[in-house]
1. When you check residue 82 against the structure, is it over 16 Å from the mean Cα position of the chain (by Cα) and buried (at least 17 other Cβ atoms within 10 Å of the Cβ), yes or no?
2. Can you pull out every residue in the stretch 1-31 that is crowded, with 16+ Cβ neighbours inside 10 Å and modelled with pLDDT under 90?
3. Among the candidates 50, 34, single out the residue that is buried (at least 22 other Cβ atoms within 10 Å of the Cβ) and within 18 Å of residue 80 (Cα to Cα).
4. Only helices (runs of 4 or more DSSP H) wholly contained in the stretch 107-194 count here; list those with 3 or more residues that are surrounded by fewer than 22 Cβ atoms within 10 Å (Cβ to Cβ), outside the structural domain of residue 217 (by TED's automatic domain parsing) and touching a strand residue (DSSP E or B) at 6+ places or on another chain (Cβ under 9 Å).
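The values are calculated or read from the model by the stated rules, or taken from the named source; none is laboratory data. Quick caveat, the model's predicted, so the values are computed rather than measured. When we count neighbours, we look across all protein chains shown, and the Cβ atoms used for this are built from the backbone with ideal geometry, even at glycine.
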């Protein structure tokens, strides 16, 4: 599939390489490129409108982030997905975010509070539209969800902590997208409670809420069984597991109506 973007798609200061990197990365995070899917350099070059050399360089970069696996002479493939890794990523996210919240709640000033309130307002508006069945831009919803959690920890004072958290958070988001996890009003209420904790600087209560927030998603996604997306099955493997022809499997972006992210 060809999917060329041109220079008009670039943001201020972005190079062509950065644009292509972000597009490949987002396709992995949001399930357009399924776990275990082979990434052939010539196909990727046509799809993303970049040279083979650029694509190789970007896939090596994504390999260092754990989103792509370099197979030596065999090339590259999207990192597989497994329940074990999902649990590990969820636990690491909880550890990092809880620590960062504690630091941020202690150091945050009035401007920080304003950022948190504004981020929650945007998220809440989209969440309630989603609950009412209104058509919502799910990419925007995910972004607002991510922005709220990042706003809460943005006063932690550590660039390294923020960068590390960002990478772990994105890997967690990938699993939610693959698993199509949706907890509806429960998640909305938890976000509201986290906002209250931020404004009252109650880091201990926020950590307890966050633990439920993350682990409930994990439990729903796994549900005591080995899910169809595990071990790199992706869309095709999921179709076989369900007895559905692979050709009948819709592309994930078109089937995200029910997949409000709960990050």
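1. Numbers: over 16 Å from the mean Cα position of the chain (by Cα): no; buried (at least 17 other Cβ atoms within 10 Å of the Cβ): yes.
Taking the combined requirement at face value, the residue does not satisfy it.
2. Listed by number, the residues that qualify are 16, 29, 30, 31.
3. Values: 50 fails: within 18 Å of residue 80 (Cα to Cα).
From the options 50, 34, the qualifying one is 34.
4. On the way: elements: 110-131, 138-153, 159-179.
So the answer is none; nothing clears 3.
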